């Protein structure tokens, strides 16, 4: 168990690093990170579990993004194969259904992309909810792009501090 003085030193260190990182952000985001938020985050990060939670959420996001990319690539591959198959046929042997299928590719791709975006939005909401439940300041459910950007910066800060912490203990 760390003594109170060590915890206080760590808290000051975390707060100082958070303030340094926040100062490097564009002004519009610096203004959205008051001292109280950074101080609360530093205090929260005294609990090493938060680093593990964020790492886990990052891994889940990366796996999800890879899966979604694979889905999209699979669809594009199918579209390409359908176009190539159509191109090999003589014009009079192409059915209206085949023409419509290929003509519908942009619509199908747009629908697939919209579905992918919805799935990514759900990942964001899950992350927000998890971090809010874990008591991490600055995290709550929102779809406001500026608030999400602030949360992304906070996640970046947490990941950086987590790596620094690993490097200092290893």
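The values are calculated or read from the model by the stated rules, or taken from the named source; none is laboratory data. If you're wondering where the values come from, they're calculated on a predicted model, not measured in any experiment. FYI the Cβ positions are ideal-geometry reconstructions off the backbone, even for glycines, and counts take in every protein chain you see.
Entry remark, segment 23-49: residues being touching a helix residue (DSSP H, G or I) at 6+ places or on another chain (Cβ under 9 Å), assigned to a helix (DSSP H, G or I) and under 17 Å from residue 162 (Cβ atoms) number 5 in total.
Quick one: how many residues across segment 147-170 are part of a helix (DSSP H, G or I), surrounded by fewer than 18 Cβ atoms within 10 Å (Cβ to Cβ) and over 14 Å from the mean Cα position of the chain (by Cα)?
Total meeting the criteria: 8.
Close Cβ contacts (under 9 Å, 6 or more residues apart or on different chains) running from residues in segment 4-26 that are at pLDDT below 95 to residues that are loosely packed, with under 13 Cβ neighbours inside 10 Å comprise 10/2. Can we say residue 68 is closer than 14 Å to residue 157 by Cβ, touching a residue at least 12 places away in the same chain (Cβ under 8 Å) and either over 24 Å from the mean Cα position of the chain (by Cα) or part of a helix (DSSP H, G or I) (or both)? Against the criterion (closer than 14 Å to residue 157 by Cβ, touching a residue at least 12 places away in the same chain (Cβ under 8 Å) and either over 24 Å from the mean Cα position of the chain (by Cα) or part of a helix (DSSP H, G or I) (or both)), residue 68 does not qualify. Of the residues that make up segment 99-117, is at least one in a helix (DSSP H, G or I), in contact with a helix residue (DSSP H, G or I) (Cβ under 6 Å, 6 or more places away or on another chain), surrounded by 14 or more Cβ atoms within 10 Å (Cβ to Cβ) and free of Cβ contacts under 8 Å to residues at least 24 places away in the same chain? Yes, there is a match, as at least one residue in segment 99-117 is in a helix (DSSP H, G or I), in contact with a helix residue (DSSP H, G or I) (Cβ under 6 Å, 6 or more places away or on another chain), surrounded by 14 or more Cβ atoms within 10 Å (Cβ to Cβ) and free of Cβ contacts under 8 Å to residues at least 24 places away in the same chain.
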